[in-house]
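K.L.:
Mind having a look at this structure? Questions to follow.
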Amino acid sequence: MPVEPAVADGINTVWALVVAFLIFFMQPGFALLEAGQVRAKNAGNVLMKNMTDWTLGVLAYFVVGFGLSAVVAGLTSASAVDVGSAFAYLSDSGAWVGWLVGAVFAMTAATIVSGAVAERMSFGAYVFVAAAMTAVIYPVATGITWGGGLLAAGENPGFVADLLGVGYLDFAGATVVHMLGGLAGLTGAYMVGPRKGRFDEHGDSQPIPGHSMLLAVLGTLILAFGWYGFNVGTSAIFDGSNELLTAQLGRVALNTTLGMGAGALAAMAVSAYWQGKPDPLWTANGLLAGLVAVTGAVPHVTWWGGLVLGGLGGAIVLPTYRFVVDDLGIDDVCGVFPVHGAAGALGTILIPVFGVEGGSWSFLGVDQLLMQLVGVAVVGTWAVVGSAAAFAVADALFGLRVSEEAEELGLDEGEHGVSVYPEFTGDGGPEPTVAADGGSVETDGGVPMGEPIRDDAAVDGGGADE
């Protein structure tokens, strides 16, 4: 039974605010996740970048990004372009709740990047890239998709959607947010270059373990909690007819939960096969990748489709990470491309294969599958081109990389003059610890050197991380 329009609008508005608050709570999850995966001497720099993503990001998105998305939508569709209307939200209090929801999504896309370029990128250059992500790169992606532009169906469809006869499906941002951030991070990691010591003289990868599995896994679980805001929150409570969206809310909640569970178990199994023992960090990685894989699909696929997509997302994380590091030679510190980029692309492309119509499985058509492929290609290309331009400008203005001395000392001390763990790292650099025989064991960011370690059990959210 429908409710009064005013009641439905009020509930939807309050729901949107709750959603924004839930997604904002993912930011401490990203901070913990990324900080745990870097050495102790760089943890403060990661925290600084995460705070900057939010504080600078919301300002850039308010002044430029939200309006730019509408302009891009008009330029890439049959709609008229009205710059004044696009930026009318600046003085329209009725639009500010919608702006806030967009802002927390933009913040997520931006903060994914920090995990890929950790431990060697200059803070000034990172600030510029974070501003570019929230003011330009992410808004263009939303403009051509959710904003009604290039890939979107509707009364005035985007140019590609009009050509193919269907619109692009990405419900809550598997590609618009996560793949965008994952590819931007991968591009940045390539342009910044690997950390000192990450590859030996033969080009073989060398492990640089993070300092706290505890922080990384705790951050993962906080992200998983906030993800219900991402996925379930993207659905309104009432539809346009003021009917309660019970079936859609239930499907979205179920597929979100099944996706994360399947992703974690698949990654656990792959890590046990690949490394000989089930790895908690790769399991956390898979949990997030499973969430990413279903984020675009949750209302569009069957429950078993959500299970399969989540499992596939988790299963590809470790092999994809090893490909990025060993074959491409890119030092993606927190594995943001495997988790956000690869899983987001795969899950979104396969939506039509596991589609649902009228409550039952239905292949959504070759035209829809083609649109998914084209859409992933378009968003992915923009992510690489846009982020490459941002990193190039940042390099010209600030220099992408810190000095070798600052990298050796640690970015906490070198970039910010602080030490997060003074009792372990002294002035921010490594301190020797006394061994049982009276000698010393050199430490690197709080991790004893020479101890048995595993190679790069990287985790991210958003992700992200990450």
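K.L.:
Which residue pairs have Cβ atoms closer than 8 Å, lie 6 or more positions apart in sequence or on different chains, and pair a first residue in segment 220-247 that is at positive phi with a second residue that is of a type in the set (S, T, N, Q) and buried (at least 19 other Cβ atoms within 10 Å of the Cβ)?
P.N.:
Short answer, once both residue conditions are applied: none.
K.L.:
Given the criteria touching a Cys at 6+ places or on another chain (Cβ under 8 Å) and either exposed (fewer than 15 other Cβ atoms within 10 Å of the Cβ) or among the acidic types (Asp, Glu) (or both), does GLU4 qualify?
P.N.:
Details: touching a Cys at 6+ places or on another chain (Cβ under 8 Å): no; either exposed (fewer than 15 other Cβ atoms within 10 Å of the Cβ) or among the acidic types (Asp, Glu) (or both): yes.
So GLU4 fails the test.
K.L.:
Take ALA266 and tell me if it is within 19 Å of ILE351 (Cβ to Cβ) and either modelled with pLDDT of 95 or more or surrounded by fewer than 22 Cβ atoms within 10 Å (Cβ to Cβ) (or both). First the steps, then the outcome.
P.N.:
Numbers: within 19 Å of ILE351 (Cβ to Cβ): yes; either modelled with pLDDT of 95 or more or surrounded by fewer than 22 Cβ atoms within 10 Å (Cβ to Cβ) (or both): yes.
Yes; evaluated as a whole, the condition is true for this residue.
K.L.:
Residues being among the basic types (Lys, Arg) and either more than 20 Å from PHE123 (Cβ to Cβ) or crowded, with 16+ Cβ neighbours inside 10 Å (or both): count how many of those fall in segment 191-226. Before the answer, list the steps.
P.N.:
At the first step, the residues of segment 191-226 found to be among the basic types (Lys, Arg) are 195-196, 198.
Then keep just the ones that are either more than 20 Å from PHE123 (Cβ to Cβ) or crowded, with 16+ Cβ neighbours inside 10 Å (or both); that gives 195, 198.
Final tally of qualifying residues: 2.
K.L.:
Which condition from (1) closer than 25 Å to GLY240 by Cβ; (2) surrounded by 14 or more Cβ atoms within 10 Å (Cβ to Cβ); (3) in contact with a helix residue (DSSP H, G or I) (Cβ under 7 Å, 6 or more places away or on another chain) is the one that ASN42 breaks?
P.N.:
Only one criterion in (1) closer than 25 Å to GLY240 by Cβ; (2) surrounded by 14 or more Cβ atoms within 10 Å (Cβ to Cβ); (3) in contact with a helix residue (DSSP H, G or I) (Cβ under 7 Å, 6 or more places away or on another chain) is unmet by ASN42, namely (1).
K.L.:
Continuing with the same structure: Considering only segment 273-301, state which residues are small (Gly, Ala, Ser), assigned to a helix (DSSP H, G or I) and under 19 Å from PRO209 (Cα atoms).
P.N.:
Of segment 273-301, the ones small (Gly, Ala, Ser) are 276, 284, 286, 289-290, 293, 296-297.
Going one step further and asking which of them are assigned to a helix (DSSP H, G or I), we end up with 284, 286, 289-290, 293.
Answer for segment 273-301, where residues must be small (Gly, Ala, Ser), assigned to a helix (DSSP H, G or I) and under 19 Å from PRO209 (Cα atoms): ALA284, GLY286.
K.L.:
Inspect segment 13-36 for any residue being at pLDDT 95 or above, aliphatic (A, V, I, L, M) and not in a helix (DSSP H, G or I) and give the result as yes or no.
P.N.:
no
K.L.:
Let me ask you something else. Go through the residues of segment 368-378 one by one and say whether even a single one is under 27 Å from the mean Cα position of the chain (by Cα) and under 22 Å from SER114 (Cβ atoms). If you could, list the steps in order and put the result at the bottom.
P.N.:
Our first condition is that a residue be under 27 Å from the mean Cα position of the chain (by Cα); within segment 368-378, this holds for 368-378.
With under 22 Å from SER114 (Cβ atoms) added as a condition, the list becomes none.
Within segment 368-378 (the criterion being under 27 Å from the mean Cα position of the chain (by Cα) and under 22 Å from SER114 (Cβ atoms)), the answer is no, since none of the residues qualifies.
K.L.:
Given the criteria under 23 Å from ASN255 (Cβ atoms) and modelled with pLDDT of 95 or more, does GLY226 qualify?
P.N.:
Values: under 23 Å from ASN255 (Cβ atoms): yes; modelled with pLDDT of 95 or more: yes.
When the stated conditions are applied, GLY226 passes them.
K.L.:
Kindly establish whether GLY306 is assigned to a helix (DSSP H, G or I) and either aromatic (Phe, Trp, Tyr) or under 13 Å from LEU350 (Cβ atoms) (or both).
P.N.:
Working: assigned to a helix (DSSP H, G or I): yes; either aromatic (Phe, Trp, Tyr) or under 13 Å from LEU350 (Cβ atoms) (or both): yes.
For GLY306, the condition - assigned to a helix (DSSP H, G or I) and either aromatic (Phe, Trp, Tyr) or under 13 Å from LEU350 (Cβ atoms) (or both) - is met.
K.L.:
Can you tell which of GLY124, GLY188, GLY182, GLY167 is surrounded by fewer than 21 Cβ atoms within 10 Å (Cβ to Cβ), outside any loop (DSSP other than H, G, I, E, B), at pLDDT 95 or above and of a type in the set (Gly, Ala, Ser)? I'd like the intermediate steps shown before the answer.
P.N.:
Working: GLY188 fails: surrounded by fewer than 21 Cβ atoms within 10 Å (Cβ to Cβ); GLY182 fails: surrounded by fewer than 21 Cβ atoms within 10 Å (Cβ to Cβ); GLY167 fails: outside any loop (DSSP other than H, G, I, E, B).
None of the other options fit; the residue is GLY124.
K.L.:
Would you mention how many residues in segment 344-372 are among the hydroxyl-bearing types (Ser, Thr, Tyr), assigned to a strand (DSSP E or B) and crowded, with 20+ Cβ neighbours inside 10 Å?
P.N.:
Residues of segment 344-372 among the hydroxyl-bearing types (Ser, Thr, Tyr): 348, 360, 362.
Pick out the ones that are also assigned to a strand (DSSP E or B) and you get 360.
The next check asks that each one be crowded, with 20+ Cβ neighbours inside 10 Å; those that pass are none.
Number of matching residues: 0.
K.L.:
While we're here: Assigned to a helix (DSSP H, G or I), under 20 Å from VAL308 (Cα atoms) and under 20 Å from the mean Cα position of the chain (by Cα), is that true of THR220? Spell out the reasoning first.
P.N.:
On the way: assigned to a helix (DSSP H, G or I): yes; under 20 Å from VAL308 (Cα atoms): no; under 20 Å from the mean Cα position of the chain (by Cα): yes.
Against the criterion (assigned to a helix (DSSP H, G or I), under 20 Å from VAL308 (Cα atoms) and under 20 Å from the mean Cα position of the chain (by Cα)), THR220 does not qualify.
K.L.:
Here's a follow-up. If I go through segment 62-88 residue by residue, how many of them are out of contact with any strand residue (DSSP E or B) (no Cβ under 8 Å at 6 or more places or on another chain) and either polar (S, T, N, Q) or on the phi > 0 side of the Ramachandran plot (or both)?
P.N.:
Summing the residues that are out of contact with any strand residue (DSSP E or B) (no Cβ under 8 Å at 6 or more places or on another chain) and either polar (S, T, N, Q) or on the phi > 0 side of the Ramachandran plot (or both) in segment 62-88 gives 3.
K.L.:
Just one of the numbered conditions (1) surrounded by 23 or more Cβ atoms within 10 Å (Cβ to Cβ); (2) closer than 17 Å to VAL418 by Cα is not true of MET48; which one?
P.N.:
(1)
Yes/no matrix, rows are residues, columns are (1) under 25 Å from GLU155 (Cα atoms); (2) in contact (Cβ under 8 Å) with a residue 40 or more places away in the chain; (3) touching a Ser or Thr at 6+ places or on another chain (Cβ under 8 Å); (4) hydroxyl-bearing (Ser, Thr, Tyr):
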{"position": "VAL18", "(1), (2), (3), (4)": "no, yes, no, no"}
{"position": "ILE23", "(1), (2), (3), (4)": "no, yes, yes, no"}
{"position": "GLY29", "(1), (2), (3), (4)": "no, yes, yes, no"}
{"position": "THR52", "(1), (2), (3), (4)": "no, yes, no, yes"}
{"position": "GLY65", "(1), (2), (3), (4)": "yes, yes, yes, no"}
{"position": "LEU68", "(1), (2), (3), (4)": "yes, yes, no, no"}
{"position": "LEU75", "(1), (2), (3), (4)": "yes, yes, no, no"}
{"position": "GLY84", "(1), (2), (3), (4)": "yes, no, no, no"}
{"position": "GLY102", "(1), (2), (3), (4)": "yes, yes, yes, no"}
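K.L.:
Before we move on, is ASN255 outside any helix (DSSP H, G or I) and crowded, with 17+ Cβ neighbours inside 10 Å? Lay out the reasoning, then the answer.
P.N.:
Numbers: outside any helix (DSSP H, G or I): no; crowded, with 17+ Cβ neighbours inside 10 Å: yes.
Judged against the criteria, ASN255 is not a match.
K.L.:
Would you check if there is a residue in segment 297-318 being surrounded by fewer than 20 Cβ atoms within 10 Å (Cβ to Cβ), farther than 20 Å from PRO194 by Cβ and aromatic (Phe, Trp, Tyr)?
P.N.:
The answer is yes; a qualifying residue exists.
K.L.:
Which one of these is aliphatic (A, V, I, L, M) and not in a helix (DSSP H, G or I): ALA8, ALA95, ALA80?
P.N.:
Values: ALA8 fails: not in a helix (DSSP H, G or I); ALA95 fails: not in a helix (DSSP H, G or I).
So the residue among ALA8, ALA95, ALA80 that is aliphatic (A, V, I, L, M) and not in a helix (DSSP H, G or I) is ALA80.
The values are calculated or read from the model by the stated rules, or taken from the named source; none is laboratory data. This is a predicted model, so every value here is computed, not measured. Note that each Cβ is placed from the backbone with ideal geometry, even for glycine, and that neighbours are counted across all protein chains shown.
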